[in-house]
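Here the structure is laid out as structure tokens; the discussion comes afterwards.
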Amino acid sequence: MNRAEPVPFPPPGAATPGVPSGDLPGTFSGTFSGHVSGELSGGVRPERSAVVDLAAVRANVRRIRDLAGPARLMAVVKADAYGHGAVPVARAALEAGAHALGVAHVAEALTLRAAGITAPVLAWLHTVDTDFRAALAQDVELGVSGWELGPVAEAARALGRPARIHLKIDTGLGRNGATAERWPELVRRAAQAEAQGLVRVTGVFTHLAVADEPSRPETREQLERFRAAVDTARAAGLRPALRHAANSPGLFQAAGLERPEDMLLDMVRVGVCLYGLSPFPDRTPRQLGLVPAMTLRSTVSAVKEVPAGQGVSYGLGYVTERPTTLALIPLGYADGVPRSGTGGPVRIQGRTYPEVGRIAMDQLVVDLGAPGLSAPEHGLLGAEAVLFGAGDDPSASAWADAAGTINYEIVTRVSPRVPRVHVDRPADPEHEDPGRTGPGRRSAGDGTPGRVDGSAADGEERA
Ligand SMILES: *Cc1c(COP(=O)(O)O)cnc(C)c1O
């Protein structure tokens, strides 16, 4: 592959950029790709896994592109694709029409390059220790908020090739990005560096603070400040081809604006929606036309009868009120299930039960609500236990509610102790309308979750 002259952000509709041929998840003919980052021997069901449905990722990318219209799509795959596995997700997203990838750290961008992904990649969060030379050597584009311009230009001089940079303005979020006061100086210095052949300013961007609350006025104000910042950059002689601001909630908000193009601009940077999760507290993935991609599952590892008055887990904060059956699930906070998530839902044999008692490092307990269920004919030992997923499974948002956090954190914090198992099915756009169909059909006994009843066809979401 030729990285000397990367094609920056090819227009929508162009051939999938930067996806190496062969070894594509979408080319597997079965329903299970065997594409695992944990231990999995053929046909053996993993004890515990985060199953990632790449067909759902592709369907979400198509949905996002529909909404983005002519704007390009940067698929945000930072934090190991929000816990979903950066490399397989990036490949699936590019295959489905994403134009570029976005990450926080240069190190994350280099991981994508090392996997052979040549699509444009932007990294925007740096430290004085960031290896800008390695970034430039691998054609990683760099977000520049201020101080980075000097070191990036130096690295470009040392390497003898211009750095592609996206200048970032802080229009109100108060994090990265040049303040309005410093912006004119930043664009002037960038124009100088461009004249010296050290950088090429290919983009200008900002990040929204309250896009998940559509009624708030600050988003419009941010977009107005951004427009002014772009004008300042143009006046300084810069010709950034890509203006970008919208994140997932911004993208979904655009349709409600008087001028959606003010939000969509030239490109949208979308993360959480790629994974089929809603960025809004009051809207489900299904309502947004998205399909959750990750299923966190294991099996019931023990079942037992207990009398009334049985305390459960550390602190004995939960005490059974009547004789009942408890099921033990081998997932705990070392696996990324939040310790604060007591009461979160677990689906077993088609029914959803609340987690009870304190969540421990390795395990959590479910009260099945009736005595006598440990008898073998109930088949509970070894039954599939799903904490969250798509379709009829509980949602990551339900766990977020239980733990007092957001769905972003629930999927991202699933720890390396849980193997990621990537499943896929052949691309079939006719049957991937996320509004009508669930994630890839999975057959039992192939190492994938036992959603064998086909009920996933309805992406109903329970919060
Ligand atoms: C994480 C991030 C995004 C993606 O946000 P989502 O809400 O997940 O779509 C976009 N832009 C920047 C700068 C980010 O840090």
Scan region 177-196 and tell me whether some residue there is within 16 Å of the ligand (Cβ to nearest atom) and either open to solvent by 30 Å² or more (accessible area, probe 1.4 Å) or within 25 Å of Asp129 (Cβ to Cβ) (or both). yes
Evaluate the following for Val204: is it away from the ligand (no atom under 16 Å from the Cβ), touching a residue at least 12 places away in the same chain (Cβ under 8 Å) and buried (at least 21 other Cβ atoms within 10 Å of the Cβ)? no
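Is it fair to say Ala255 is touching a residue at least 12 places away in the same chain (Cβ under 8 Å), surrounded by fewer than 24 Cβ atoms within 10 Å (Cβ to Cβ) and hydrophobic (A, V, I, L, M, F, W, C)?
Values: touching a residue at least 12 places away in the same chain (Cβ under 8 Å): yes; surrounded by fewer than 24 Cβ atoms within 10 Å (Cβ to Cβ): yes; hydrophobic (A, V, I, L, M, F, W, C): yes.
Yes.
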So which of Arg269, Arg297 is in contact (Cβ under 8 Å) with a residue 24 or more places away in the chain, open to solvent by 10 Å² or more (accessible area, probe 1.4 Å) and basic (Lys, Arg)? Arg269
Filter result (surrounded by 19 or more Cβ atoms within 10 Å (Cβ to Cβ) and out of contact with any His (no Cβ under 9 Å at 6 or more places or on another chain)) within region 210-229: Ala211, Asp212, Thr219, Leu223, Phe226, Ala229
Of the criteria (1) within 16 Å of the ligand (Cβ to nearest atom); (2) over 24 Å from Asp282 (Cα atoms), which one Ala245 fails: (2)
All but one of (1) within 20 Å of Trp399 (Cβ to Cβ); (2) within 13 Å of the ligand (Cβ to nearest atom) hold for Met267, so report the exception by its number. (1)
Say whether the condition of being touching a residue at least 60 places away in the same chain (Cβ under 8 Å) and not polar (S, T, N, Q) is met by at least one residue in region 216-228. no
Is there a residue being open to solvent by 40 Å² or more (accessible area, probe 1.4 Å) and under 11 Å from Phe205 (Cβ atoms) anywhere in region 236-249? yes
Consider Leu328 carefully, then state whether it is within 16 Å of the ligand (Cβ to nearest atom) and either in contact (Cβ under 8 Å) with a residue 24 or more places away in the chain or assigned by TED's automatic domain parsing to the domain that holds Ala398 (or both). no
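Give the number of residues within region 57-66 that are within 18 Å of the chain's Cα centre (by Cα) and either polar (S, T, N, Q) or open to solvent by 10 Å² or more (accessible area, probe 1.4 Å) (or both). Steps first, answer last, please.
Initially, region 57-66 is screened for residues within 18 Å of the chain's Cα centre (by Cα), giving 57-65.
Checking the rest, the ones that are also either polar (S, T, N, Q) or open to solvent by 10 Å² or more (accessible area, probe 1.4 Å) (or both) come to 60, 62-63, 65.
Here the count works out to 4.
Would you call Thr232 free of Cβ contacts under 8 Å to residues at least 60 places away in the same chain and away from the ligand (no atom under 16 Å from the Cβ)? Walk me through it before giving the result.
Details: free of Cβ contacts under 8 Å to residues at least 60 places away in the same chain: yes; away from the ligand (no atom under 16 Å from the Cβ): yes.
Considered against the rule, which asks whether it is free of Cβ contacts under 8 Å to residues at least 60 places away in the same chain and away from the ligand (no atom under 16 Å from the Cβ), Thr232 comes out as yes.
Which one is nearest to Arg189 (Cα to Cα) among residues in region 124-168 that are acidic (Asp, Glu) and either part of a loop (DSSP other than H, G, I, E, B) or open to solvent by less than 10 Å² (accessible area, probe 1.4 Å) (or both)? Please lay out each step first, then the result.
First, the residues of region 124-168 that are acidic (Asp, Glu): 129, 131, 139, 141, 148, 154.
Then drop every residue that is not either part of a loop (DSSP other than H, G, I, E, B) or open to solvent by less than 10 Å² (accessible area, probe 1.4 Å) (or both), which leaves 129, 131, 139, 141, 148.
Working: Asp129: 22, Asp131: 21, Asp139: 22, Glu141: 18, Glu148: 12 Å.
The selected residue is Glu148.
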Total residues in region 78-118, condition away from the ligand (no atom under 14 Å from the Cβ), in contact with a Leu (Cβ under 7 Å, 6 or more places away or on another chain), open to solvent by 20 Å² or more (accessible area, probe 1.4 Å) and free of Cβ contacts under 8 Å to residues at least 60 places away in the same chain: 1
The conditions are (1) farther than 21 Å from Asp266 by Cβ; (2) in contact with a helix residue (DSSP H, G or I) (Cβ under 9 Å, 6 or more places away or on another chain); (3) away from the ligand (no atom under 13 Å from the Cβ), and Val121 fails exactly one of them. Which is it? (1)
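Would you mind finding the one in Arg200, Arg188 that is touching a strand residue (DSSP E or B) at 6+ places or on another chain (Cβ under 8 Å), among the charged types (D, E, K, R) and within 23 Å of Leu238 (Cβ to Cβ)?
Details: Arg188 fails: touching a strand residue (DSSP E or B) at 6+ places or on another chain (Cβ under 8 Å).
After ruling out the rest, the residue left standing is Arg200.
The values are calculated or read from the model by the stated rules, or taken from the named source; none is laboratory data. Computed from a prediction, not measured in an experiment: that's the story for all the values here. Neighbour counts are summed over all protein chains in view; Cβ atoms, including those assigned to glycine, are modelled from backbone coordinates with ideal geometry. Areas reflect the complete protein model, heavy atoms only, side chains present, ligands, DNA and RNA absent. Shrake-Rupley method; radii C 1.70, N 1.55, O 1.52, S 1.80 Å.
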